[in-house]
Structures are given as C-alpha cells and as structure tokens.
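One structure is given below, encoded as structure tokens.
The values are calculated or read from the model by the stated rules, or taken from the named source; none is laboratory data. What you see is a predicted model; the values in this text were computed from it and never measured. A quick note on method: Cβ atoms are made from the backbone with ideal geometry, for glycine too, and the neighbour counts reach across all protein chains shown. Side chains are part of the model used for accessible areas, which takes the heavy atoms of the whole protein and leaves out ligands, DNA and RNA. Shrake-Rupley method; radii C 1.70, N 1.55, O 1.52, S 1.80 Å.
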Amino acid sequence: MPDYKDIYWQKLATGKLWLQFCPSCQKFIFYPRGLCPYCLEPELEWTPASGQGKVHSYAIVNVSALPEFKEETPYIYAVIELAEGVKMPSNLIDCSLDKVHVDLPVELTFIERDGKTLPVFKPSEEA
Amino acid sequence: MSKMFQRGQASITGIGELKPSLDAGGRTTLDLLGEAAGQAIKDAGLHKEDIDGLLVTPPSEDSYFLWPSQVAEYLQLSPVFMNMVELGGASAAGTIARAALLVDAGICKNCLCLSGGVWDKQVFNTREGKMAVMSQAEIDYDLPYGPMGFNSGYALIARRHISQYGTTPEQLAKIAVDQRTNAMLNPDALFNQKPLTVEDVLASPVIVDPLHLLEIVRPCSGAAAVIVSRLNNGSDQMHDPVTIWGFGEAYTHNSIIYAPSLTESPIKAAANRAFQMAGVNANDIDLVSLYDCYTITVLISLEDIGFCRKGEGGKFVQDTDLTYKGSLPCNTHGGQLSCGQTSFAGGMSHVTEAVRQLRGEAGPRQVGKNRLALVNGNGGVMSTQCCLILRRM
C-alpha cells in the first residue's frame, strides 16, 4: 500500500481524520494522493481536519445491491463539503430522514464497519 | 494558420442497429457487433473491403486487451487505423467525432464506428458488478459508504437541483412520459407496450431518493454501428449523407463527488465548442438526441446546451412538448429510458435516431423540421461529454 493510503487509514484507526495539504498551492486535498493534483508537487503535509462541514447533497438509498447494506436501508449517502473546502463521500448518521437537507451543518464522528474505522457525519450540535 | 476541421468532409453514410433485448441468446459482444456492422455496411451501399477505419467502444464481458484487434480479427477487417474509445456512455458519440477527424485528415475513407455489449444480469446488481465500474479511489474512499453506483451519483445531482432551483418530481417525470410517447411508435423499443403518465412514474418505487424506478435506465443487450465516410467514397450513396457539422467535448471530473458543480455539467463547454465549430446556436437546432441514463441527465443537458437558463429546466420541460410532434423533439426513438441501455451502444442509439430523422426515414415518428440535429453523449456521472452537430446536406 502506498504511504499516503497507509497514513490516512492509520490516523482513522486512532479516531482522527487527517487531510493532505499542499504547502505550495495552500490547498487541502481529498482523496489522498502521491502528489498534489493542482501543481503536481510530490511534497505534501498532513493536517487534522476541523471536523466541521455541511451536506452538499445527499441520496437516500432505499434499495442496495451491497450485501452489508441490505439491512441498513434506508440510509443517507452524502457528499460532505468540509470547512477546509474539500468534498468527500460519507454517510449521515443520527439524522432522521425528514431532518436532512442540502447545506445542513454537520460534524465528524466515527463508526466501525468491516473492521475499519470510517469517518462519517452527524448533524452539528448547534443545528 | 493550422488546418482546421472542415465541415462537410465527413458524413454518416450507413447505420445499423439491433433491437435491444434482455437476453442476447448466447451471443457474445463480438457476435452482436458483427451483425450491426453488416447492417451498416449494407445501408451505406459499401462492401466490407471498403472499411478502412475501425473505432470500437469497450466490450461488456470480454477482455479489453487488444480489443480493436480482437474485433478486426473476428470480423476479418483490415483497417489502416483502429482504436478503442473509452469515455463511458460518451464513447459511442466519441467514436463519431474521432472518425470525422480521421476522414477529414484523409487517413480513412470509410470508418466503422462500432459499439455494443451483452448485459449480464448475474453480475449487474452485485458488489462485483458495482466495483467493475469504479475507480480505485472510489473503491477505497467511496464504496465503504454504500453508494449505489450511478443511481446514487445521479440522485445527488437531482437532489441538489431540486433544493437549489425548486425543480419538482412531476417535472422530471414528464421527461420519461414524453419519451415513452415517442417509444410507442418505435417497434424496437424495449418498453412500448403502454404509454406512461406522470402519476405512473411517481408511483414507481423510489430506488434511491429522489430517483423513481421509471426515471432510471434499464440495462440490456444490443449493438449499433455507424459508418463515417469521406464524400465520393465509392459507394452507391443509398441515402442523403448526414454531415458531421461540428463536435465538442469536455471533461471536469471522474467521480461526481469531486465535480466543480453538481448542477452545471461539462456539457455546457462541450456544446459551446460544437456550436462554435458548426457556426450555429441552440435556436438553429431542429431536434435533439440527449444521453438519457436518468431523467435528470436530460434536464441538465437541456439547460447546459442553452435551450433554457440554468435552474429553469424544470419549468422548460413542463411547458415544452418533447415528443416527435413537439417544438423541441427529444429522443424521438424513446431514448434509453424506453429503448433500454444496450451497454455502450445505448449512446449510439442517439446517433442512429438522429440520422434516421435527418434522412426522413423515421416513419410514423418523423419530425417535421429535420435539417439540424444535436446529439450528446454523456459518460460516468456527467463526467465525459461529447456533443455532435449533424446536418442534412
């Protein structure tokens, strides 16, 4: 496994979401890569994410072809826009289906799935 | 100044298309491709030996390895130039743009554009089937959250459009309804048994909210072939040639998660490039063939091509008759939503139908004005775009 994938999953295993940051572009990067996709420089830094974001859009999955999700339906699959400006796919949990909406403020939390710690999101306390 | 693409040098002289089917009857992609190719060669009044270019879309079930070479061997073709075009759903339209370039450059006289595939229901709705169309980045960082392939991708777009612009489920459903009206006059459509109503669409199961079953394309098996020729290609000219008057492509993302915008697609840039090359604009277009994997795809396409302003697509489709009788005939064969998505050939059906209409050979669903058609191919989740402008000479 390349170093960047290793670092990403190792940080998650300790309950932290870290993002890559390009010091030359001053931009955050998601998903992890071996170089900055904007300037192609290979030297990237790692920094902890603020954990704040909002729902850019979402889909409620009623029918899933994935065996481990069949018992989970309906569930919320979402694009989260992090405060750092990057977007990532995730799930919205602890949120009733009639409460979810575009631009809903959310905060980072973690779940265990398939032996992995995954970053997911829940509605912000103040929301 | 460098040589520019010359409008009118490359024309579509032959088309062939198999009736979409849920069961390919044991035939392989190669078998289907061969049958469609034979039809197109005959339609063009050519002989197999006249084919000197081969552009193929990827196979659905065979190995990609040396695919153009596999096809050439199976059909015993000896092209001077061949290649595989992989732009997802835009691959078929992409073969036409590339064939036009080869013909315009004088490399090929008659370029065969081939697409097709066999739908495997055993694999389609499985983890393996979903992973087969995912990038490694999607497998690593997206799959753990239970995305439902293209369904969830297009659902994200529809949800954002609904939220941002107030687009309604009824407006989206109207697209499927109008296309079904067209399909009722297409004996080759998979779904032409009965007309649809908006209520029918909204009563169908919500697979991935906000997408209803009847707004989602049905995968199936089939193939289609198109021959792009240089004028004076030595054929008997069975039909008035349909000229490739312009084309344009654009790309902004692979996974929709990382797209610059969910509601504005690269179709806008692709269409602008095609219009610029053709020297026409949206007002000049008589009919459209728009890649329709979902109703939302058609709505976004109509906006981004410029038939209405961004965000007003819902009202536009509500107020516009999109059938063959209407002011903007759209997917007059019924589109993939009614004909089925014949793997990579689903995108070729938009080309073949536009050619039938421009030739005046569309039978009972023939449109009145048929000089200029716009075809769009869309791959991934609004990822790869290829826009063609076709003109009857």
Average the reciprocal distances over every distinct pair of alpha-carbons in chain A, invert the result, and give the Kirkwood radius in Å.
-> 15.6
Convex hull volume of the Cα atoms in the range A:52-123, per residue, in Å³?
-> 86
Cross-link reach from B:K194 to lysines, straight Cα distance under 24 Å and at least 8 residues apart if same chain, gives B:K19, B:K174, B:K325
For the range A:3-48, what is the relative contact order in percent, using Cα pairs closer than 8 Å and at least 6 residues apart in sequence?
-> 37
Chain B: calculated mean residue ellipticity at 222 nm from DSSP helix runs of at least 4, using -39500 (n - 2.57) = -10500 deg cm²/dmol
Quick one: if you stick a label point 7 Å off each Cα along the C-beta vector at A:E43 and A:E72, how many nm between them?
-> 4.0
Can you list which of the trypsin sites (Lys or Arg not before Pro) found in the range A:24-89 are DSSP loop residues with at most 13 other C-beta atoms within 10 Å?
-> A:K70
Give the ranking of B:W67, A:W9 by solvent-accessible surface, highest area first, calculated with a 1.4 Å probe.
-> A:W9, B:W67
Using a Gaussian network model of chain B whose springs link C-alpha atoms within less than 10 Å, name the residue from B:D140, B:D240, B:D52 with the highest mean-square fluctuation.
-> B:D140
Hydrophobic long helices for chain B, i.e. whole DSSP H runs reaching 24 angstrom or more by Cα along the axis with Kyte-Doolittle mean at least -1.0, come out as B:149-165
Sparse-neighbourhood loop sites, GluC sites (Glu not before Pro) in the range B:1-100 - DSSP loop, at most 15 other Cβ within 10 angstrom | B:E61
Please identify every one of the trypsin sites (Lys or Arg not before Pro) in the range B:318-366 that sits in a loop by DSSP and has no more than 14 other beta carbons within 10 Å of its own beta carbon.
-> B:K325
Between B:E61 and B:N281, what is the label-to-label distance in nm when each label sits 7 Å out along the Cα-to-Cβ direction?
-> 4.9
Averaged over every viewing direction, what's the projected area of the C-alpha convex hull for the range B:224-288? Give it in nm², one decimal, please.
-> 6.9
Residues with beta-carbon under 13 Å from that of B:V118, excluding B:V118: net charge, scoring Lys, Arg +1 and Asp, Glu -1?
-> -4
Using Cα pairs closer than 8 Å and at least 6 residues apart in sequence, work out the relative contact order for chain B, in percent.
-> 26
Volume per residue that the Cα convex hull of the protein assembly as shown spans, once the total is divided by residue count, Å³ = 155
Could you tell me whether the range B:1-146 comes out rounded, prolate or oblate from its Cα gyration tensor? Rule is a ≥ b ≥ c as square roots of the eigenvalues, rounded for a/c under 1.5, then prolate if a/b exceeds b/c, otherwise oblate.
-> oblate
Part-to-part distance (alpha-carbon centres) for the range A:67-101 and the range B:286-301, which is given in Å | 28
Starting from the alpha-carbon convex hull of chain B, give the projected area averaged over all orientations, in nm².
-> 18.0
Would you calculate, for chain A, the mean residue ellipticity at 222 nm contributed by helices, counting each DSSP H stretch of 4 or more residues as -39,500 (n - 2.57) and dividing by all residues, to the nearest 500?
-> -2500 deg cm²/dmol
Mean shadow area of the range A:3-48 over all directions, Cα convex hull, nm² | 2.8
